[in-house]
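Worksheet: the structure to be examined is printed underneath.
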Amino acid sequence: MQGGKTPPTVEVFNFAVADDNSYFADGIAVHNCDRYASHDEGLGRGVYPVRDVPSYPQHPHERCTLAPAPVADPREVVAALRSQFGLDEPTTTVAAAFVPATDIAEAEAFARSLGVPDVIYGEPRRRLDAVAKNALLNAANVTNEALSELAARGIPLPPNVRILRDPYNMNAMAHYQPSKDTMTVNTLHRFWRRPEVATEELRAASWLVAEKPADVIVHEVGHYLHLTGQPTSAIDAARTVLTPAEAEVGIGVSRYAATNQSELVAEVFVQRFRGRPVSDDAMTLYRRFGGPDL
Ligand SMILES: [Zn+2]
């Protein structure tokens, strides 16, 4: 029998298919996929109000699917859902207290948790002997201790931190490279074998102001803050050797501070960060050389 208003194109026994591919048995619609899909009452094609969703499945080989369809602007729906699930509420990240890591993966994870975007500690493919392993872990933990102390004071950290063998800077236990915005800690330097002992020696020789190994890293972050955003010419100027009168003031800080403007700033930065006294003359030079505010 024919069903619906549209003339059937096929009729077998009591089964009919209309032009719009609606199927009828004894005049009752049994296969309404196309009708359901083309239904439009102003909400969009194939979209029904919740209370009027057609029964489903309509017939044994139903291939349709039912899915929730937002009728509002998708951006509004997303905003409402984000608000409902609290996705945009500010998360207060409290920097975890520093605890020395027992392996490199743990140390790297800690540095990342402080918000340093790019952290590479060690060279995974390189086989390290016990001495090298010890130096790497010492360097990682000392670096993390300093970074966590700096982060706790809200001081920006260098975006790239590398702890690796740096044969091109053999005389530096760490250095900051403005062109790469990277602080590199050199595990080849003997300092990292016994950082506490080495710090004591450097301090005893008045070479550095460092009172603990982490101060070596604070010194580098001082360079980072000093040199960040400065044009190359200013960076070169910062390396300018001190005049005899300036060097006289610098030596009152440390012998290293007397070498050039950049080192004076980094050494005074450590003293200021640690809340140790700095002479007025040294502060005057620190400000004149563009030392970072603290
Ligand atoms: Zn330096």
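Please list the equivalent ellipsoid semi-axes of region 102-175, computed as the square roots of five times the alpha-carbon gyration tensor eigenvalues, in descending order and whole angstrom. Walk me through the intermediate numbers first.
Working: eigenvalues 91, 39, 24 Å².
Its equivalent ellipsoid spans semi-axes of 21, 14, 11 Å.
If you take every DSSP beta bridge whose two residues both sit in the chain, what share of them, in percent to the nearest 5, is antiparallel?
60
Given the rule -39500 (n - 2.57) for each run of at least 4 DSSP H residues, summed and divided by the residues of the chain, what is its mean residue ellipticity at 222 nm, to the nearest 500 deg cm²/dmol?
On the way: 10 runs with 111 residues, N = 294.
Rounded to the nearest 500, it is -11500 deg cm²/dmol.
For residue 128 and residue 235, compute 0.36 nm times the residue count separating them, minus their Cα-Cα distance, and round to one decimal in nm.
On the way: separation 107, 0.36 × 107 = 38.52 nm, distance 3.57 nm.
Working it through step by step, the gained length comes to 35.0 nm.
Note down the net charge around residue 160, summing +1 for each Lys or Arg and -1 for each Asp or Glu among other residues with Cβ under 14 Å from its Cβ.
Working: positive: 112, 162, 180; negative: 108, 118, 166, 181, 220.
Residues close to residue 160 contribute a combined charge of -2.
Report P(r) for region 145-196: all Cα-Cα distances, bin width 5 Å, range 0 to the bin holding the largest distance, values in whole percent.
Pair shares across the bins are 4, 20, 24, 24, 18, 9, 1.
Just add up the charged neighbours of residue 294: K/R +1, D/E -1, any other residue whose Cβ is under 14 Å from the Cβ of residue 294.
On the way: positive: 153, 272, 274, 276, 287; negative: 149, 267, 293.
Taking every other residue near residue 294 into account, the sum is +2.
With the Cα gyration tensor of the chain in hand, convert its eigenvalues to equivalent ellipsoid semi-axes via √(5λ) and list them largest first in whole Å.
Value: 73, 22, 16 Å, ordered largest first.
For the residues 279, 179, 148, what sequence is obtained by ranking on other C-beta atoms within 10 Å, fewest first?
Details: 279 13, 179 8, 148 20.
Ascending number of Cβ neighbours within 10 Å: 179, 279, 148.
In what order do 240, 65, 228, 187 fall by count of nearby beta-carbon atoms within 10 Å, going from fewest to most?
On the way: 240 12, 65 7, 228 15, 187 26.
Starting with the residue having the fewest Cβ neighbours, the order is 65, 240, 228, 187.
May I ask you to list the residues of region 269-283 whose amide nitrogen lies under 17 Å from a point 7 Å from Cα along the Cα→beta-carbon direction of residue 211?
Taking a point 7 Å out along Cα→Cβ of residue 211, the residues of region 269-283 whose backbone N falls under 17 Å are 269-279.
Sorted from fewest to most neighbouring beta carbons within 10 Å, what does the list 241, 253 look like? Intermediate values should be presented prior to the final figure.
Working: 241 10, 253 24.
Ranking 241, 253 by Cβ neighbours within 10 Å, fewest first, gives 241, 253.
What's the local net charge at residue 102, with K and R +1, D and E -1, over the other residues with C-beta under 13 Å away?
-2
Here, each number is a calculation from the coordinates, and none is a lab measurement. Because the structure is a prediction, the values reported are computed rather than measured. Positions of Cβ are generated from backbone atoms using ideal geometry, with glycine treated the same way; all protein chains shown enter the neighbour counts.
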